[in-house]
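The next block holds one structure in the form of structure tokens; read it before the comments.
The values are calculated or read from the model by the stated rules, or taken from the named source; none is laboratory data. Just so it is clear, the structure is predicted and the values come from calculations on it, not from any experiment. Every residue, glycine as well, gets a Cβ built from its backbone with ideal geometry; the counts of neighbours run over all protein chains shown. Ligands, DNA and RNA are excluded from the accessible area calculation, which covers all protein heavy atoms including side chains. Shrake-Rupley method; radii C 1.70, N 1.55, O 1.52, S 1.80 Å.
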Number of protein chains: 2
Amino acid sequence: MRIGELARRAGVSTRALRYYEQRGLIRSRRSANGYREYDESDVRIVTEIRGLMSVGFTLDDARPFVDCLRSGHPSGSSCPESVAVYRRKLAEIDDRIRDLLARRSEVAAQFAEACPGCLLPRRGE
Amino acid sequence: MRIGELARRAGVSTRALRYYEQRGLIRSRRSANGYREYDESDVRIVTEIRGLMSVGFTLDDARPFVDCLRSGHPSGSSCPESVAVYRRKLAEIDDRIRDLLARRSEVAAQFAEACPGCLLPRRGE
DNA sequence: CTTGACCTTGTCGTTGGCGTCAAGCTTTAC
DNA sequence: GTAAAGCTTGACGCCAACGACAAGGTCAAG
């Protein structure tokens, strides 16, 4: 299939696919007229990339998963490198959450001080 | 005082101060040779800006606080516009925290699936 | 034959808050 | 008199993941 069909099937833009190629995440054969040609395994790879990005992974984060798929594994996460990325991302997310909670309480405190009569909204309201 | 002293006293770079001026957050008089001249109120303003930025406010978020200070209030947060920003930022932080918690559980679930034997690290460990 | 839907490469723009030169003033210290 | 320190404006760089053109080649349908 050509880039337009891959884009539709994977739910991304053709621009994104060319960018992934430029970043080394996908490859393409070229047909005689210079058009990029893809197959089913590319649909799988791009789907994997988007799934990871939807939970906050960068393209570099996704690379080990792509490599894992390409090396024949049925799942992109069944390689030790992918598992390592999972651990790192979990730690990053946890750091970020801690940071936001600290900020939240600082802002809430300043808010309460600035507006003593104000009803302090609780988290989530 | 000139820009270098203000920078030292407020703990920012001179580049940052010129940037704040360009963004309309601080103003400066010019002495005969073209150098920027500041006074104590500018130290206060820049300190306020940095305090807000340290908890995740953008320069635009800080603007009402600066205006509040400049209009004669002893605190930058004692104006209704500032209070409104507090509310909005609290909501933004809460949204972000909710988003991260959702991501965290998704990643944790995929991780557990990919690595069934792995000990799932709990949040914060 | 021409329209229009594809495809190609290349380049600039986006967002925030500056860092980092560049090239040239002024002022201060010795 | 000169060197160092401080000041000026201006402009590019950064980071991620593309979006949005531009200018052109390709191919099937009518």
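A few points about this structure:
- Candidates B:A16, B:A114, B:A91, ranked by Gaussian network fluctuation over chain B, Cα under 10 Å, top entry: B:A114
- Solvent-accessible area buried by pairing B with A, both sides, nearest 100 square angstrom, 1.4 angstrom probe: 2900 Å²
- Element breakdown for segment B:1-103 at a 1.4 angstrom probe: carbon and sulfur atoms account for 51% of the accessible area.
- Its convex hull of Cα atoms gives the protein assembly as shown a direction-averaged projected area, equal to a quarter of the hull surface, of 20.1 nm².
- Dipole axis of the protein assembly as shown (+1 Lys, Arg; -1 Asp, Glu on Cβ), positive-most option in B:L101, B:A84, B:T58: B:T58
- With eigenvalues of the C-alpha gyration tensor scaled by 5 and rooted, chain A, Å: 43, 18, 10
- For segment B:35-76 and segment A:76-115, distance of Cα centres in Å: 28 Å
- Label points for B:R96 are taken 7 Å from Cα along Cα→Cβ. From this copy to the others they lie 1.0 nm apart, shortest first.
- Within 10 Å of each Cβ in A:81-92, the average number of Cβ atoms from other chains: 4
- Here the spin labels are modelled as points 7 Å beyond Cα on the Cα-Cβ line, and at B:L101 and A:R98 they lie 1.8 nm apart.
- Estimated at the nearest 10 Å², the accessible area of B:T14 is 50 Å² with a 1.4 Å probe.
- Fluctuation leader among A:V55, A:V12, A:V46 - chain A, Gaussian network, Cα springs under 10 angstrom: A:V55
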